[in-house]
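The structure under discussion appears below in the form of structure tokens.
The values are calculated or read from the model by the stated rules, or taken from the named source; none is laboratory data. Keep in mind the model is a prediction, meaning the values are calculated, not measured. Glycine also receives a Cβ, built like all others from the backbone with ideal geometry; neighbour counts cover every protein chain displayed.
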Amino acid sequence: MERLIFICPKTRNGVDLGIESEIGTLLRIRSHMVRAKCPACGQTHEWPVRDAWLAEAA
Ligand SMILES: [Zn+2]
């Protein structure tokens, strides 16, 4: 499983939204948007899946 890390546009911090996915699924949902409350700044952002960094889930 891969873990998605997004960059908070406000703080520029990497935020882990707790989303894990198989790489094959990620490739299929690349054009989707993820909307979530940002743990870094507390605001809600929308991120394109293709902008996520991948971290390997432990
Ligand atoms: Zn944020």
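Structure above, values below:
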| quantity | calculated |
| --- | --- |
| Residue count, region 22-58 (criterion: in contact with a Pro (Cβ under 9 Å, 6 or more places away or on another chain), of a type in the set (A, V, I, L, M) and touching a residue at least 24 places away in the same chain (Cβ under 8 Å)) | 1 |
| The one condition in (1) surrounded by fewer than 12 Cβ atoms within 10 Å (Cβ to Cβ); (2) at pLDDT below 95; (3) in contact with a strand residue (DSSP E or B) (Cβ under 8 Å, 6 or more places away or on another chain) that Ser21 fails to fulfil | (1) |
| In region 8-58, residue nearest to the chain's Cα centre (by Cα) [restricted to those that are within 9 Å of the ligand (Cβ to nearest atom) and either outside any loop (DSSP other than H, G, I, E, B) or among the aliphatic types (A, V, I, L, M) (or both)] | Val15 |
